[in-house]
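So the structure is just underneath, and the comments pick up after that.
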Amino acid sequence: MGRVKKIILDLKEFSHTDSEDQWVWADVHQGLDSTLNVVWNELKYKCEVLKEYGVLPKIYCLPSQINQVFMNLLVNAAQAIEVHGKITLRTGQEGEKIWVEVSDEGNGIPAENIPRLFDPFFTTKPVGKGTGLGLSVSYKIIEKHHGKIEVHSEVGKGTTFRVILPVQQPANKETV
């Protein structure tokens, strides 16, 4: 019963149904962990998840949208792994920005596909395996947060997505 209760609490945390898309100060590690718990069924048979968390301040964001980005990156990472592998979550801070990396040991992405990854409906997955909207939506969310998302990939070795977000939003600087 404890596991079910935890999933329900994480689903509530993940969706932030009580805050309805409000900008708040949020703990990125808590968001990553609750998202990980929500998508665990998609991951558990395919990979081991390693956490290499740094020390992060809370950031001013729309937590449910940031969690959606994490969910898209985690599910994509798991789907990139054919048999069994590792997904590594890393976090850190550089000045007034924090970063979150999701790395997988999957097939990697051919260099010619990287410029199109964030285009709506573009997918490298087989027909029926994806809509091609996850990364496009994620890109828009990160853009709304005045952040950026970077990709490094090697065919046959894996892919790393790095999300970079400001600790506080430009219009919010005076409220801290």
*What number goes with the only condition from (1) in a strand (DSSP E or B); (2) among the hydroxyl-bearing types (Ser, Thr, Tyr); (3) touching a residue at least 60 places away in the same chain (Cβ under 8 Å); (4) surrounded by 19 or more Cβ atoms within 10 Å (Cβ to Cβ) that SER103 does not pass?*
(3)
_I'm told VAL127 meets every condition in (1) outside any strand (DSSP E or B); (2) at pLDDT 95 or above; (3) β-branched (Val, Ile, Thr) except one. Can you identify the failing condition by its number?_
(2)
*Determine whether GLY108 is on the phi > 0 side of the Ramachandran plot and crowded, with 16+ Cβ neighbours inside 10 Å.*
yes
*Scan region 50-76 and report the pairs whose first residue is small (Gly, Ala, Ser) and whose second residue is surrounded by fewer than 18 Cβ atoms within 10 Å (Cβ to Cβ) and outside any helix (DSSP H, G or I), with Cβ atoms within less than 7 Å and a gap of 6+ or a chain change.*
GLY54/GLY92; GLY54/GLN93; SER64/ASP21
*Of all helices (runs of 4 or more DSSP H) completely enclosed by region 2-96, which ones contain at least 2 residues that are of a type in the set (Asp, Glu) and modelled with pLDDT of 90 or more?*
none
*Find all pairs meeting these conditions: Cβ atoms under 6 angstrom apart; at least six residues apart or on different chains; first residue within region 151-176 and assigned to a loop (DSSP other than H, G, I, E, B); second residue at pLDDT 95 or above and charged (D, E, K, R).*
VAL167/GLU96
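The values are calculated or read from the model by the stated rules, or taken from the named source; none is laboratory data. Because the structure is a prediction, the values reported are computed rather than measured. Glycine gets a Cβ as well: all are built from the backbone with ideal geometry, and neighbour counts include every protein chain shown.
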